[in-house]
Amino acid sequence: MFKTWNIQFTRMFNECERMKEACLKVYYERLVQQTAKEARRILKFLGVPWSEDVLRHQDKIGKEVKLNPIEYSTSQVKEKIYKKALTSWFGYFPDNILNDINTIAPMLRQLGYDTSARKPSYAKFAEDDFYEKWNNK
């Protein structure tokens, strides 16, 4: 799973780097911790005006917004943005995978994830200057 993810994500990341201003990198960890700031950043990039409705998307589902009932992620989109997915994977992957993660998926470290921690902290993603620090690596 990680090897396939690493191959695909590396391709996507490299394409995004090549396209520069036509691509916006978004970290899920930041989106769930700094939802309003990150949503504003995304909408600005897309040229879409800000609306507080963005923060209450779950109230619009089934009313103003229709979703495909057979789409896998539909059940998740119906939910308010939540942080539990940040830690729900803790304890899921066996030690032999986690011990070899830098070989299996080196892109994780390149993206700034702490691959040495079994339960990493995501606090840095919530820092106001996260993107400035990340872009200056």
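The values are calculated or read from the model by the stated rules, or taken from the named source; none is laboratory data. Predicted model, so just to flag it, every value in this text is computed and none were measured. Cβ placement follows ideal geometry from the backbone for every residue including glycine, while neighbour counts extend to all protein chains displayed.
A few notes on this one:
- Filter result (hydrophobic (A, V, I, L, M, F, W, C) and touching a Phe, Trp or Tyr at 6+ places or on another chain (Cβ under 8 Å)) within segment 40-67: 43
- Looking only at residues of segment 63-120 that are at pLDDT below 80 and among the aliphatic types (A, V, I, L, M), we find that the one that is surrounded by the most Cβ atoms within 10 Å (Cβ to Cβ) is 81.
- Within segment 1-59, helices (runs of 4 or more DSSP H) holding 1 or more residues that are in contact (Cβ under 8 Å) with a residue 40 or more places away in the chain and among the hydrophobic types (A, V, I, L, M, F, W, C): 2-19, 28-33
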